[in-house]
Amino acid sequence: MIRHLDDFFWKSFFYLRMNKIDGDYLEFGCGSNIRSFRLAAKYKALEYPVPRLFAFDSFLGLPEPKGIDVHPHWKKGSMAVSLEEFRAVMKHQGLADKDYHPFEGFFDQTLRNHSPAEYGIHRAAMVFIDCDLYESTLDVLNFVRDILIPGGILAFDDWYCFSGAPDRGEQRAFHEFRTVLKDVTFIDYMTFGWHGRSFITHIQQTSQGGHI
């Protein structure tokens, strides 16, 4: 499974470099999928243009799935990796604590009613979402809304979970999110594995250079 993910990250970071897209790497739900954050660190070390790495996770596993998020594979606490375990993997990867920025807590606490600026984040070159659940994914999308940039990458690790249903999970959150964005177009980019899909963001600019 790591091979297809490595291919996706290599191509994505190469794309960012070739197009000189400047911004940070943000991952949401990194505790259960340390391999993706490791790959971001790997290609950053090769002087790709992602200056900083940010990791957001509860580090306690999933919150309790409710309503449309109920799934036979996911339970409260599923895929838990502690922050200490995460740091140990990053250390083994060759990253010091100063090389990345982890933020611990469920997204309704760390993202909802908060802005990226509070974390010192202003531009997202790549956003990797591994939240599994609709509600968590919607929290992420609302959080990153104002830091999406032209040519940036928005990737969903669990796009085809819930049997690929468009009204469940990450797909539902994305479809709701994109309907309220009048100035952003999402271009199909790459799929990865059986489960993941990504998009490139194109943002219409005003004559003054800002968003509509």
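The values are calculated or read from the model by the stated rules, or taken from the named source; none is laboratory data. What you are looking at is a predicted structure, and each value in this text was computed from that prediction instead of being measured. Every residue, glycine among them, receives a Cβ derived from its backbone with ideal geometry; neighbour counts consider all protein chains shown.
Look through the stretch 183-205, keep the residues that are charged (D, E, K, R) and surrounded by 12 or more Cβ atoms within 10 Å (Cβ to Cβ), and return whichever of them is nearest to Cys131 (Cα to Cα). Before the answer, list the steps.
If we filter the stretch 183-205 for residues that are charged (D, E, K, R), which is where we start, we get 183, 188, 197.
If we keep only those that are surrounded by 12 or more Cβ atoms within 10 Å (Cβ to Cβ) as well, we get 183, 197.
Values: Asp183: 25, Arg197: 13 Å.
Once the filter is applied, the top-ranked residue is Arg197.
How many residues does the stretch 79-135 contain that are in contact with a Lys or Arg (Cβ under 6 Å, 6 or more places away or on another chain) and closer than 24 Å to Ile200 by Cα? Steps first, please.
Let us first name the residues in the stretch 79-135 that are in contact with a Lys or Arg (Cβ under 6 Å, 6 or more places away or on another chain), namely 93, 134.
From the residues that got through so far, the ones that are closer than 24 Å to Ile200 by Cα too are 134.
Counting residues in the stretch 79-135 that are in contact with a Lys or Arg (Cβ under 6 Å, 6 or more places away or on another chain) and closer than 24 Å to Ile200 by Cα gives 1.
Can you give me the ranges of the strands (runs of 3 or more DSSP E) entirely in the stretch 54-161 with at least 1 residues that are within 22 Å of Tyr189 (Cβ to Cβ), touching a Gly at 6+ places or on another chain (Cβ under 7 Å) and modelled with pLDDT of 95 or more?
Working: elements: 101-104, 124-129, 148-156.
Once the strands (runs of 3 or more DSSP E) in the stretch 54-161 are filtered for at least 1 residues that are within 22 Å of Tyr189 (Cβ to Cβ), touching a Gly at 6+ places or on another chain (Cβ under 7 Å) and modelled with pLDDT of 95 or more, what remains is 124-129, 148-156.
Of everything in the stretch 111-166, what is surrounded by fewer than 19 Cβ atoms within 10 Å (Cβ to Cβ), among the hydroxyl-bearing types (Ser, Thr, Tyr) and in contact with a strand residue (DSSP E or B) (Cβ under 9 Å, 6 or more places away or on another chain)? Give them in sequence order. Please lay out each step first, then the result.
Keep residues of the stretch 111-166 that are surrounded by fewer than 19 Cβ atoms within 10 Å (Cβ to Cβ), which gives 112-115, 117-123, 142, 145-146, 149-151, 160, 163-166.
Right, trim to among the hydroxyl-bearing types (Ser, Thr, Tyr) and you get 115, 119, 160, 163.
Tyr119, Tyr160 - these are the residues of the stretch 111-166 that are surrounded by fewer than 19 Cβ atoms within 10 Å (Cβ to Cβ), among the hydroxyl-bearing types (Ser, Thr, Tyr) and in contact with a strand residue (DSSP E or B) (Cβ under 9 Å, 6 or more places away or on another chain).
So the check is Cβ under 8 Å with 6+ separation or different chains; which pairs have a first residue in the stretch 7-32 that's in contact (Cβ under 8 Å) with a residue 12 or more places away in the chain and on the phi < 0 side of the Ramachandran plot and a second one that's of a type in the set (S, T, N, Q) and in a strand (DSSP E or B)?
Phe8/Ser198; Ser12/Ser198
Out of all the residues in the stretch 167-182, is one or more of a type in the set (A, V, I, L, M), surrounded by fewer than 19 Cβ atoms within 10 Å (Cβ to Cβ), over 17 Å from His195 (Cβ atoms) and modelled with pLDDT under 95?
Of the stretch 167-182, the ones of a type in the set (A, V, I, L, M) are 173, 180-181.
Now drop any that are not surrounded by fewer than 19 Cβ atoms within 10 Å (Cβ to Cβ), which leaves 180-181.
Right, trim to over 17 Å from His195 (Cβ atoms) and you get 180-181.
Narrowing further to those that are modelled with pLDDT under 95: 180-181.
Yes, the stretch 167-182 contains a residue that is of a type in the set (A, V, I, L, M), surrounded by fewer than 19 Cβ atoms within 10 Å (Cβ to Cβ), over 17 Å from His195 (Cβ atoms) and modelled with pLDDT under 95.
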